[in-house]
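Visitor: I'd like to ask you about the structure that follows.
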Amino acid sequence: SGLIVSFGEMLIDFVPTVSGVSLAEAPGFLKAPGGAPANVAIAVARLGGAASFVGKLGDDEFGHMLAGILKENGVSAEGVNFDKGARTALAFVTLRADGEREFMFYRNPSADMLLTPDELNLDLIRSAKVFHYGSISLIVEPCRSAHMKAMEAAKAAGALLSYDPNLRLPLWPSAEEAKKQILSIWKTADLIKVSDVELEFLTGSDKIDDESAMSLWHDNLKLLLVTLGEKGCRYYTKNFRGGVDGYHVKAVDTTGAGDSFVGALLCKIVDDHSIIEDEARLKEVLKYACACGAITTTKKGAIPALPSHSEVISVLNGAK
Ligand code: ATP
């Protein structure tokens, strides 16, 4: 099947060994590899698609560990660079007793932020049928220029451009800057997926409805998706709009649900972009993507919880 190239950050989340504690109270931490674009690449590969990750890691034990995780999962790492000076990005993440996620990032700068336009493997990027990215790679130079160059090269070569902003406010200098930069590349994307929280942030409206979603529409957009956690998702195209219900599961950790959803969607449309224009077929694909998202919440961590195609099929068959 056609190649899906996912561009951006891959890092290690350090998560407490016990739940409901603050970072300071945590008795110890477990390594949880992540970074939304890397999760998407692995989600695709696990479902049987062809995926490649493009980004930069530290030339250190953690960086080589992450590259190994890509390869073990069947993701090509030929677009991965290693920085001699900077470390692989780390983030300490905890779900406190009040349910709020607390983040502490180690990016001063980390290797992912130092990817330069010259380091890009343009042949690889130009061979993508789908090019997927987020917004964290827009925050600082030189990675921002690398992001722009990669996006333009993929677009010029005819790839479908897929954008999941994945807002991480603490990484931006200000909320205004986050909004401005996230929207600065809005009109290049063919497909955009936002969460309900991102919809509120980007529109400045406290309503999650069709009107606020459509305020994010642009003329060249083919598909806009708003994910709603356990409630599933809404979809918008030029010709139709609607919703798909979520699958009822017992969620233990929602990390990676959105990435799993995106990976599944991209896997299904990579060889046939016309699915986007056919509501019945698109709905089937989104049901599959919602099942993937739901399954991902039933296990701890993002990558270990990403389903294989056969797991998704058994969940879909069991549900009806
Ligand atoms: P992330 O936590 O990865 O940032 P997100 O906020 O981008 O995720 P969500 O809306 O949380 O995206 O989840 C994406 C999809 O996964 C949803 O559309 C839904 O289909 C599924 N999903 C997420 N959470 C649950 C849940 N608790 N129960 C069932 N399905 C879920």
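The values are calculated or read from the model by the stated rules, or taken from the named source; none is laboratory data. Model, not experiment: these values are computed from the prediction. Note that each Cβ is placed from the backbone with ideal geometry, even for glycine, and that neighbours are counted across all protein chains shown. Please note that ligands, DNA and RNA were not included when accessible areas were found on the heavy atoms of the full protein model with its side chains. Shrake-Rupley method; radii C 1.70, N 1.55, O 1.52, S 1.80 Å.
Visitor: Would you rank L90, L199 by solvent-accessible area, highest first, keeping every protein chain in place and using a 1.4 Å probe?
Guide: Numbers: L90 35, L199 0 Å².
Per-residue accessible area, sorted high to low, gives L90, L199.
Visitor: For the stretch 1-71, report the accessible area per residue in Å² (1.4 Å probe, heavy atoms, rounded to an integer).
Guide: Values: 2300 Å² over 71 residues.
That works out to 32 Å² for each residue.
Visitor: Taking R0 as 51 Å, what's the FRET efficiency between L122 and A97 from their Cβ-Cβ distance, rounded to 0.05?
Guide: 0.60
Visitor: To continue, here is another question. The stretch 92-153: D in µm²/s via Stokes-Einstein (Kirkwood Rh, Cα pairs, 10 °C, 1.306 mPa s)?
Guide: Using the Kirkwood radius from Cα pairs, D works out to 117 µm²/s.
Visitor: If N is the number of residues in the chain, what value comes out of its Cα radius of gyration divided by 2.2 N^0.38 Å?
Guide: Numbers: Rg = 18.3 Å, N = 320, 2.2 N^0.38 = 19.7 Å.
In units of the 2.2 N^0.38 Å rule of thumb, it is 0.93.
Visitor: Moving to a separate point now. As a test of reading the structure, rank I313, I12 by solvent-accessible area (1.4 Å probe, protein chains only), most first.
Guide: Numbers: I313 60, I12 0 Å².
Greatest to least solvent exposure: I313, I12.
Visitor: A further question on this structure: State the extension gain, in nm to one decimal, for the chain segment bounded by M104 and E279, taking 0.36 nm per residue of separation less the distance between their alpha-carbons.
Guide: Gain on extension, M104 to E279, equals 58.8 nm.
Visitor: Another one. What percent antiparallel are the DSSP beta bridges of the chain, to the nearest 5? Could the numbers behind the result be given before it?
Guide: Values: 20 of 50 bridges.
Of all bridge pairs located within the chain, approximately 40 percent are antiparallel.
Visitor: Just the number, please: carbon plus sulfur as a percent of the accessible area of the stretch 29-154, 1.4 Å probe, no ligands or DNA/RNA counted. Show your work: numbers first, answer last.
Guide: Numbers: 2600 of 5110 Å².
In the stretch 29-154, the share of accessible area belonging to carbon and sulfur is 51 percent.
Visitor: Obtain the radius of gyration and the Kirkwood radius of the stretch 233-296 from its C-alpha atoms and give Rg over Rh.
Guide: Values: Rg = 12.0 Å, Rh = 12.1 Å.
Radius of gyration relative to Kirkwood radius: 0.99.
Visitor: Where only protein heavy atoms count, and the probe is 1.4 Å, what is the accessible area per residue for the stretch 187-320 in Å²?
Guide: On the way: 6310 Å² over 134 residues.
That works out to 47 Å² for each residue.
Visitor: Also, quick follow-up: Rounded if a/c is under 1.5, else prolate if a/b beats b/c, else oblate: with a ≥ b ≥ c from the C-alpha gyration tensor eigenvalues square-rooted, which is the stretch 165-293? Mind showing how you got there, number by number?
Guide: On the way: a/c = 1.66, a/b = 1.22, b/c = 1.35.
Judged from the Cα gyration tensor, the stretch 165-293 comes out oblate (a/c at least 1.5, b/c at or above a/b).
Visitor: What residues qualify as long-range amide H neighbours of A32, i.e. H under 5 Å apart, gap of 5 or more or another chain, H built at 1.01 Å from N?
Guide: Residues meeting the amide H criterion: D13, F14, V15.
Visitor: OK, next. Counting pairs of Cα atoms in the stretch 160-237, how many percent are more than 15 Å apart? Walk me through the intermediate numbers first.
Guide: Values: 1605 of 3003 pairs.
Summing the P(r) tail past 15 Å for the stretch 160-237 gives 53 percent.
Visitor: Over all distinct Cα pairs, what is the inverse of the mean 1/r for the stretch 1-140, reported as the Kirkwood hydrodynamic radius in Å?
Guide: Numbers: mean 1/r = 0.0642 Å⁻¹.
It is 15.6 Å.
Visitor: Rank E284, E61, E78 by mean-square fluctuation in a GNM of the chain with C-alpha springs under 10 angstrom and give only the top-ranked residue.
Guide: Looking only at E284, E61, E78, the biggest GNM fluctuation is shown by E61.
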